[in-house]
Amino acid sequence: MFDSLSERLGGVFERLRGRGALTEADVRTAMREVRVALLEADVALPVARSFVDSVTDKAVGHQVLRSITPGQQVVKIVHDALVDMLGPDTAELNLGVTPPAVIMLVGLQGSGKTTTTAKLAKLIAKQHGKKILMASLDVNRPNAQEQLAVLGTQTDTATLPIVQGQQPVEIARRALSAAKLQGFDVVMLDTAGRLHVDQGLMDEMKAVADIAKPQEILLVVDALTGQDAVNVATSFSAQVPLTGVVLTRMDGDARGGAALSMRAVTGKPIKFAGMGEKLDAIEPFHPQRVAGRILGMGDVVSLVERAAASIEVEDAERMAKRFEKGQFDLNDLRNQLQQMRNMGGLGALAGMIPGMKKAQAAMAGGAMDERVLLRMDAMITSMTPKERTRPELLNAKRKIRVAKGSGTTVQDVNKLLKMHQEMATTMKRLKKMGGIKGMMAMLGKGGPGGGMGGLGNVLGGPEMGDVLGKMDSGLPGLPGGANLPPGFQNFLKKK
């Protein structure tokens with residue numbers, strides 16, 4: 001997500017940070033590059049122009065150019081402008097009404113409405129504990145109603161029984177009646193789509209909205225269609241009272257033009273982003289976090305939240321106790337690899353960790369992908385239980401056996417063992433610096449010997465400290481405890 005734009009902006013700001021002082025000409029030259037980067041990312045021309053003009057006016061001010069760190073000041077201005085363009089606050093669903101709350105999903109055919117309906121139902125049930133009824137109003141597309149019924153079974157969500165021959169308005173009326181009688185908290189209406197926007201579609205949407213009186217009308221659009229997605233949103237918002245937008249296939253959108261243009265053009269907030277095909281691959285859209293990812297600042301809060309949702313408490317406590325003792329064998333390494341895969345793999349995590357995108361690109365030409373995690377797991381599972389506990393037992397003959405059993409080479413096995421040895425050494429160093437509490441203190445300190453650079457010195461020596469220090473340069477510190485989930489705050493306090 002936003003990979004190409006992030007890379008282009010990263011290069012621009014790297015040059016700004018490298019200068020001790022900035023002139024107005026330097027800023028205007030950089031902003032011209034930012035404008036080109038936005039247009040290449042498929043951001044609407046009026047939006048790109050307005051964004052650059054706003055940032056330039058603030059960046060050429062006396063306080064910025066005369067400040068001690070003008071490059072960082074410009075980056076902060078751009079960050080704040082991105083947040084403002086995406087929407088200053090995270091838009092919540094309006095569920096605080098007398099049940100049932102009605103959520104209506106609209107959009108063109110092929111945008112992913114039916115799958116998004118099931119994803120949202122699962123998310124709302126998990127986060128808000130609501131009892132949900134889904135109903136398909138799509139009588140045009142073959143098997144559309146059956147598809148929603150199958151997704152309902154997969155997500156353990158109730159669906160309205162199918163009655164052949166009923167029209168959308170009749171189905172909506174029946175769904176509301178069933179929800180009231182059976183005590184459902186939320187009704188989700190999956191409406192029909194068309195291959196393009198036409199008046200017949202709009203009239204049908206209006207008729208359903210008049211009957212259902214939905215609290216939320218969410219437009220589902222495919223992020224990969226770029227400006228077409230914005231044009232579709234503009235057409236819908238002109239005739240249907242939309243309350244928000246859901247962008248699907250955001251994980252495959254390297255440009256991000258639709259996301260960056262949507263709110264500015266339509267005035268409607270992006271409420272959710274679809275991040276993959278799995279039925280739990282949808283997440284609330286957080287403008288501040290997205291802006292941080294675009295500018296390479298990472299998204300530590302989302303990383304913590306994803307970890308909290310993916311990692312079992314018992315496993316985390318067991319691992320924490322072992323880490324405190326400086327213990328780390330190949331079983332522990334396999335457990336860590338599995339957790340990384342549960343959290344979305346290296347690609348998903350790289351955008352959340354400050355500077356990780358650069359480090360990932362530098363490592364083996366960017367070859368660290370999901371296949372690497374799978375190969376590592378295959379090598380570890382090809383070892384005997386004793387070998388996993390005591391890696392020093394792996395002599396040349398045993399390594400050949402492991403390589404053959406996992407479909408890899410002896411060189412791959414050696415690389416895995418070297419990585420494990422380095423991580424085990426790191427755990428011992430962590431023990432010396434006071435365990436997890438000491439590590440968090442190190443991350444929180446600024447200046448020489450603190451922050452990412454200071455942590456790198458402890459974990460990997462001066463070379464690692466230099467690398468992490470450069471990654472940390474110009475980036476804001478980790479978010480304060482108040483911004484972290486309460487469970488994670490309590491975990492840190494205990495440590």
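The values are calculated or read from the model by the stated rules, or taken from the named source; none is laboratory data. What you see is a predicted model, and the numbers here were worked out from it, not measured in a lab. A quick note on method: Cβ atoms are made from the backbone with ideal geometry, for glycine too, and the neighbour counts reach across all protein chains shown.
Data overview
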quantity	calculated
Qualifying positions in the stretch 204-215 - in contact with a strand residue (DSSP E or B) (Cβ under 8 Å, 6 or more places away or on another chain) and closer than 11 Å to VAL106 by Cβ	MET205, VAL208, ALA209, PRO214
Test: residue in the stretch 288-300 that is in a strand (DSSP E or B), modelled with pLDDT of 70 or more and within 12 Å of the chain's Cα centre (by Cα)	no
Residue check for GLY447: within 28 Å of ARG293 (Cβ to Cβ), part of a helix (DSSP H, G or I) and modelled with pLDDT under 50	no
When residues of the stretch 1-51 are limited to those that are surrounded by 14 or more Cβ atoms within 10 Å (Cβ to Cβ), among the small types (Gly, Ala, Ser) and at pLDDT 80 or above, the one farthest from GLY226 (Cα to Cα)	ALA30
Residue satisfying condition, being of a type in the set (D, E, K, R) and modelled with pLDDT of 90 or more, within set LYS180, LYS126, LYS206	LYS180
Among (1) in the same structural domain as ASN140 (by TED's automatic domain parsing); (2) in contact (Cβ under 8 Å) with a residue 60 or more places away in the chain, the one test that ALA125 misses	(2)
Test: residue in the stretch 187-203 that is closer than 10 Å to VAL106 by Cβ and part of a strand (DSSP E or B)	yes
Residue list for the stretch 382-407, restricted to those being at pLDDT 90 or above, out of contact with any Ser or Thr (no Cβ under 7 Å at 6 or more places or on another chain) and polar (S, T, N, Q)	THR384, ASN395
Candidate set: the stretch 52-81, residues that are surrounded by 15 or more Cβ atoms within 10 Å (Cβ to Cβ) and of a type in the set (Lys, Arg); chosen: the one modelled with the highest pLDDT	LYS58
Count of residues meeting criterion [under 24 Å from ASN143 (Cβ atoms) and surrounded by 18 or more Cβ atoms within 10 Å (Cβ to Cβ)] in the stretch 198-216	5
Neighbours by Cβ (under 9 Å, 6+ apart or cross-chain): first from the stretch 389-414, within 18 Å of ASP332 (Cβ to Cβ); second among the charged types (D, E, K, R) and loosely packed, with under 14 Cβ neighbours inside 10 Å	LEU393/LYS386
Flag if GLN215 is closer than 21 Å to LYS119 by Cα and among the polar types (S, T, N, Q)	yes
Residue in the stretch 252-267 that is within 20 Å of PHE51 (Cβ to Cβ), part of a helix (DSSP H, G or I) and touching a Lys or Arg at 6+ places or on another chain (Cβ under 6 Å) present	no
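Quick grid of which residues meet (1) under 30 Å from the mean Cα position of the chain (by Cα); (2) not hydrophobic (A, V, I, L, M, F, W, C):
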| residue | (1), (2) |
| --- | --- |
| ARG141 | no, yes |
| GLU146 | no, yes |
| GLN164 | no, yes |
| THR191 | yes, yes |
| HIS196 | yes, yes |
| GLN199 | no, yes |
| MET202 | no, no |
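Here is a yes/no grid of residues against (1) farther than 25 Å from LEU95 by Cβ; (2) surrounded by 22 or more Cβ atoms within 10 Å (Cβ to Cβ); (3) β-branched (Val, Ile, Thr):
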residue: GLY183; (1), (2), (3): no, no, no
residue: MET188; (1), (2), (3): no, yes, no
residue: ALA192; (1), (2), (3): no, no, no
residue: GLN227; (1), (2), (3): yes, no, no
residue: SER237; (1), (2), (3): no, no, no
residue: PRO241; (1), (2), (3): no, no, no
residue: VAL246; (1), (2), (3): no, yes, yes
